[in-house]
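Scroll down for the structure; my scribbles are underneath it.
The values are calculated or read from the model by the stated rules, or taken from the named source; none is laboratory data. Computed from a predicted model, the values in this text were never measured in an experiment. Using ideal geometry, Cβ is built from the backbone for each residue, glycine included, and neighbour counts are taken over all protein chains shown. Remember, those area values only see protein heavy atoms, side chains included, never the ligands or the DNA or RNA. Shrake-Rupley method; radii C 1.70, N 1.55, O 1.52, S 1.80 Å.
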Amino acid sequence: MKRYFVAAAVAATLLGVSACGSGSSDSTGASEAATAVKAQATAPEGLVKAGTLTVCIDPEYAPLEYYENGTSGDIIGFDADAARALAGYWGLEFATQVTTFEGLQPGLTSKRCDIIPGGLYMSEERTAVLDGVAYMQTGPALIVGTSVKTDPAAEKDLCGLTLVGQNASENLTEAKRIATACGSGTSVQNYPKTSDTVLAVMNGKADALIETDVAAVDIVKKSSGKLRLINGFFPPSTKFGMFANKDATITAPLSEALKALYTDGTLGKIATTYGLSTESLNVY
């Protein structure tokens, strides 16, 4: 039991805890680049709350979105601060609608928020039902625990292992694809939170975790040597996007604003604040 509680404490410190609810952020923990943006364009019409940009967010995904103090305080990270910068660009207040990862898209479609600021792949399935604006080149990454003694070099090296991914994520779909290709003897677990998937590998309930590359570096760094990243296992084959409802009035202004914040260097400064490479930014 002691091992479980130690691992749980590490995972909670690493990723924070999601909760349902909403609230405005005072942005005291946000990056200087995000808070320095001044109004430069007319605010989009049709906002959930007039005068406010409201975002659906799952704050357990460092370095993209997470609580400043682990489980409390401002929600910070690249996505959160990029959304703050958007609010500033339009001269709006900034508010968050906190939800689980699985609740992000339902929160948007039920109009509890205006946009989802990130952490979601620009997959064909998602862009078929939502409008997306790409902003970062990304892809899955492989994290393994101490039960895996050698570095996997190909997908066949994962056969016979227990893989894990987060509910409703493209990474879980990837894990299931690999398990199907391997056949019997390869299993897949799924959990509602990223912290749960990390804990499963740290506790030895699973052997390997598939996560996005931007989150994987932070997860491994803070695991006290219990996890390791297999560099280059997957190619950076997709992109993160910021999403709005299909044909929403905010879609075109969102695209224009992101391009402007990319061109003037704001997004690059925010990326640098959170240890992300500016070369991964890809706004179009």
Inset, instruction - Would you mind pulling out the separation of the Cα centroids of segment 168-212 and segment 115-151, in Å? - result: 14 Å
Inset, instruction - Kindly sort R84, R228, R112 by accessible area of their heavy atoms, largest first, with the probe set to 1.4 Å. - result: R112, R228, R84
Inset, instruction - Provide Rg and Dmax in Å for segment 51-139, with only Cα atoms included in the calculation. - result: 12.6, 36
Legend entry - 222 nm mean residue ellipticity, helices alone, for the chain (DSSP H n ≥ 4; -39,500 (n - 2.57); rounded to 500): -9000 deg cm²/dmol
Legend entry - Greater than 29 Å apart at Cα, pairs in K111/K269; K193/K226; K221/K246; K156/K193; K149/K269: K111/K269; K221/K246; K149/K269
Legend entry - Simple spin-label estimate for K156 and A181 in nanometres, 7 Å along Cα-Cβ: 1.1 nm
Inset, instruction - Between G70, G132, G119, find the one with the highest GNM mean-square fluctuation for the chain; connect C-alpha pairs within less than 10 Å. - result: G70
Inset, instruction - Compute, for E125, the solvent-accessible surface of its heavy atoms (probe 1.4 Å) with the complete set of protein chains present, and express it in square angstrom to the nearest 10. - result: 130 Å²
Legend entry - Charge dipole (debye, nearest 20) of the chain; +1 at Cβ of Lys and Arg, -1 at Cβ of Asp and Glu: 700 debye
Legend entry - Whole-percent carbon and sulfur share, accessible surface of segment 60-165, 1.4 Å: 48 percent
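Can you tell me the relative contact order of the chain? Whole percent, Cα pairs under 8 Å, sequence separation 6 or more.
Values: 608 pairs, mean separation 72.5, N = 284.
Normalised by residue count, the contact order of the chain is 26 percent.
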Inset, instruction - Considering the options A208, G225, A260, tell which one lies farthest towards the positive end of the dipole of segment 200-274, charges being +1 on Lys and Arg and -1 on Asp and Glu at the Cβ, about the Cα centre. - result: G225
Inset, instruction - Over 25 Å, how big is the tail of the calculated P(r) for the chain, in percent of all Cα pairs? - result: 44 percent
Legend entry - Charge dipole of the chain about the Cα centre (unit charges at C-beta), most positive-ward option of N69, A154, I116: A154
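Sort D157, D58 by heavy-atom solvent-accessible area, probe 1.4 angstrom, most to least.
Values: D157 60, D58 10 Å².
Ranking D157, D58 by accessible area, largest first, yields D157, D58.
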Legend entry - Kirkwood-type radius of segment 153-246, with distances r between different C-alpha atoms, in Å: 14.0 Å
